[in-house]
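Contents: one structure, followed by commentary.
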Amino acid sequence: MTTHVRSTTSPEIQPALAEPLSHQLLTALGQHRMATTTQLHDLLRPAAARQTISAPLNRLRRQGLVDFTVLARAGRTRAWFLTGEGTRLTRDFPPLRGRPPYPVSSATAASLKTSHTLTVLRTHLAFVTDARKRGDEHGYLDWTPEVSHPLADGERIIADAVLHYTRVEEERTKLRAFVEVDRATMGSERLATKLIEYARLWTYVPQSAGRHRARQQPAGAGLIWLRWYPVFPRVLFVLTGASRKVLNHRISDLQAMVEQHPLVAAMARQVPLGAAVLEDLEVHGASGDVWAPLRGGSSRSWTQL
């Protein structure tokens with residue numbers, strides 16, 4: 001969903017880089033859990049030489065704050081992560097306050113998490129690259145992985161990421177989205193049931209704010225998601241890891257869930273829902289007409305779902 005604010009800055013103006021690069025590297029790894037050298041370069045210093053990133057990473061490693069695991073099937077690419085000491089150091093960094101720490105105990109442990117974590121960051125980079133081209137605002141801290149929210153009966157929903165994005169035009173339009181990154185490692189039906197979880201979050205009112213206080217509150221005031229968002233974020237599915245035919249079938253199954261499940265259908269009438277193939281985002285831009293609306297219809301930009 002969207003929030004509009006009158007723009008007072010030119011899209012050409014870029015914020016000053018107030019923090020040292022080493023601090024930004026630690027913050028980025030604390031935020032995103034893991035990243036390759038190339039991903040950190042594209043995220044933080046896309047116009048600089050690669051050595052601009054690799055040199056401070058190696059210094060941080062000598063200080064015992066970061067380490068890496070080698071991706072054997074990707075040309076010996078290094079995937080960097082915070083050590084236990086790095087996690088302790090960054091815990092009180094302002095952008096990371098409140099983020100649950102997930103220290104990686106060893107390179108072996110890191111290797112077990114690389115595929116999904118790096119694909120989620122790859123998705124973020126598609127939005128970052130597109131925002132730079134458009135003059136919009138979406139930086140390395142505007143994407144928060146592994147965001148958890150409570151549901152009824154003690155259950156929780158964990159989004160792969162929450163996206164914050166500001167379109168800079170005549171008005172500044174603030175957009176938010178829950179992002180689910182699917183590598184075709186789970187069954188298609190299980191993927192589609194994620195929509196039910198989001199529909200439950202959309203309607204969830206905790207009991208303490210429900211039964212005995214409902215008469216004193218305006219409609220919808222007890223909805224739990226209002227604790228964090230002014231409007232319910234749109235839900236975006238980004239798919240990869242299989243043939244185009246398989247991915248299209250998975251998108252069709254998501255659309256079928258919207259059509260067949262009454263609670264999901266009700267949410268879809270008010271919350272934009274869409275799905276796209278990751279490779280399409282990288283080729284055509286995240287704002288390109290590559291998103292399939294889950295309510296049906298022609299492909300469009302995620303901002304127009």
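The values are calculated or read from the model by the stated rules, or taken from the named source; none is laboratory data. All values derive from a computational prediction rather than experimental measurement. Cβ coordinates were reconstructed from backbone atoms using ideal geometry, including for glycine residues, and neighbour counts include every protein chain displayed.
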Practice problem: Can you work out which of the residues in segment 245-280 that are in contact with a strand residue (DSSP E or B) (Cβ under 7 Å, 6 or more places away or on another chain), assigned to a helix (DSSP H, G or I) and not β-branched (Val, Ile, Thr) is nearest to Thr119 (Cα to Cα)? | Solution: Leu278
Practice problem: Determine, yes or no, whether Ala152 is free of Cβ contacts under 8 Å to residues at least 40 places away in the same chain and either in contact with a helix residue (DSSP H, G or I) (Cβ under 7 Å, 6 or more places away or on another chain) or among the small types (Gly, Ala, Ser) (or both). | Solution: no
Exercise. Answer yes or no as to whether Ala199 is outside any helix (DSSP H, G or I) and among the small types (Gly, Ala, Ser).
Key: no
Quiz item: In segment 286-305, is there at least one residue being in contact (Cβ under 8 Å) with a residue 24 or more places away in the chain, aromatic (Phe, Trp, Tyr) and outside any strand (DSSP E or B)?
Solution: yes
Exercise. Evaluate the following for Glu169: is it of a type in the set (Asp, Glu), exposed (fewer than 15 other Cβ atoms within 10 Å of the Cβ) and modelled with pLDDT under 95?
Key: yes
Quiz item: Of all residues in segment 144-163 being closer than 19 Å to Ala28 by Cβ and either in contact with a Pro (Cβ under 9 Å, 6 or more places away or on another chain) or part of a loop (DSSP other than H, G, I, E, B) (or both), which is modelled with the lowest pLDDT?
Solution: Glu146
Quiz item: Out of Arg134, Arg172, Arg176, which single residue is over 15 Å from His32 (Cα atoms), touching a residue at least 12 places away in the same chain (Cβ under 8 Å) and within 11 Å of the chain's Cα centre (by Cα)?
Solution: Arg176
Quiz item: Can you tell me which residue in segment 31-89 is farthest from Thr144 (Cα to Cα), limited to those that are touching a residue at least 60 places away in the same chain (Cβ under 8 Å) and in a strand (DSSP E or B)?
Solution: Thr36
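Each row is one residue, and each column tells you yes or no for (1) in contact with a helix residue (DSSP H, G or I) (Cβ under 6 Å, 6 or more places away or on another chain); (2) within 18 Å of Tyr198 (Cα to Cα); (3) surrounded by fewer than 19 Cβ atoms within 10 Å (Cβ to Cβ).
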position: Arg227; (1), (2), (3): no, yes, yes
position: Phe232; (1), (2), (3): yes, yes, no
position: Leu247; (1), (2), (3): no, no, no
position: Gly274; (1), (2), (3): yes, yes, no
position: Ser301; (1), (2), (3): no, no, yes
